[in-house]
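*Asks:* Have a look at this one.
Values quoted throughout were computed directly from the atomic coordinates according to the rules given, and no laboratory measurement underlies them. In this text the structure is predicted, and so the values were computed from the model without any measurement. Reconstructed Cβ throughout: ideal geometry from the backbone, glycine too, with neighbour counts over all protein chains shown.
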Amino acid sequence: MHQMIGLAIGAVLFLITHLVPGIPAVRRYMIASLGEGAYRALFSLVALFSLGILIWGYGQAPYVPLWDGSGALRHLAFTLMLFAVAFAVLGLTQRNPTMAGADAAGAPAPKAVGVLKITRHPLMWGIMIWAVAHVLANGDLATTILGVTIFIVAFAGSRLIEIRKRRDMPVSWMLFAAASSYIPFAAVFAGKAKGAFAEIAWWRWLVALVVYVALFAGHRWIAGVPLM
């Protein structure tokens, strides 16, 4: 089990480097000390470094099975990945006030449109669903540590963004949040997000489908594990 040490160190480092700078007081102090541009550059470098350590640690970890991830769990993971890819692609191809840099000076007031009516954090939810899908399908200790770590960072990060936005733009954020929801589809089911799907351009759905198929077909070369 000593081979898990690298993964454990990577997980702790990944959590610290992603969550601590997101704490409002810490973020304000660092920006005041370094400046906005230097802070973002430093955070990006540290985040990439910690991600590299996490991936390296995962690659060194032994396979310790916890449950059988084949059969129904495998098919559930494939379905969850459809949502994960869709949320990620839709979130990355549409202006999103919860993304890095969206709160720069002169940025327009946030507006809930398209996927942002479904959830205010489509990319973060894509990452969280990705983590859950892989934990379920793999069923081993190393993937569980990796997936839980990434899930915590995405979940906590999105909640910290909510706190910061409510503080920095209370009125415009309140209006934005009223037409959306944190939990995917909650606003749609509550009748607060009418027209959400109609506002999503068809080409975004097409890109999401192409990415999903490419990831499915290329999983053997991307992760070293064939899906078929």
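*Asks:* Starting from the 7 Å offset along Cα-to-Cβ, what nm value, one decimal, do you get for the label separation of Met174 and Ala72?
*Replies:* Result for the modelled spin labels: 4.6 nm.
*Asks:* Quick check: from the Cα gyration tensor, does region 37-152 come out rounded (a/c under 1.5), prolate or oblate?
*Replies:* Since a/c reaches 1.5 but b/c is at least a/b, the shape of region 37-152 is classed as oblate.
*Asks:* Right, another one. For Pro21, what is the net charge nearby, where nearby means another residue's Cβ is under 12 Å from its Cβ and Lys, Arg count +1, Asp, Glu -1?
*Replies:* Charge balance near Pro21 sits at +4.
*Asks:* In cubic angstrom, how much convex hull volume per residue do the alpha carbon atoms of the chain span?
*Replies:* So the per-residue Cα hull volume is 134 Å³.
*Asks:* Comparing Trp67, Trp205, Trp130, which has the greatest mean-square fluctuation in the GNM of the chain with Cα pairs linked when under 10 Å apart?
*Replies:* So, out of Trp67, Trp205, Trp130, the one fluctuating most is Trp67.
*Asks:* Would you work out which of Thr98, Ile222, Leu82 lies farthest towards the positive end of the dipole of the chain, given +1 charges on the beta-carbon of Lys and Arg and -1 on that of Asp and Glu, about the Cα centre?
*Replies:* Thr98
*Asks:* Taking a ≥ b ≥ c as the square roots of the Cα gyration tensor eigenvalues, with a/c under 1.5 meaning rounded and otherwise prolate when a/b beats b/c, else oblate, which class fits region 122-219?
*Replies:* It comes out oblate by the Cα gyration axes.
*Asks:* Less than 14 Å Cβ to Cβ from Asn138, Lys/Arg counted +1 and Asp/Glu -1: what total charge do the surrounding residues give?
*Replies:* -1
*Asks:* Which one of Gly22, Gly195, Gly139 has the biggest mean-square fluctuation once the chain is modelled by GNM with Cα springs under 10 Å?
*Replies:* Top of the fluctuation ranking is Gly195.
*Asks:* Something else now. Using the Kirkwood radius built from alpha carbon pairs, what does the Stokes-Einstein equation give as D for region 1-62 at 10 °C and 1.306 mPa s, in µm² per second?
*Replies:* Rounded to a whole number, D works out at 128 µm²/s.
*Asks:* Okay, next question. Which of the DSSP-defined H helices in the chain satisfy a minimum axial length of 18 Å, computed from C-alpha atoms, and a minimum mean Kyte-Doolittle hydropathy of 1.6?
*Replies:* Sorted by number, the helices that extend far enough and score high enough are 5-19, 72-92, 202-217.
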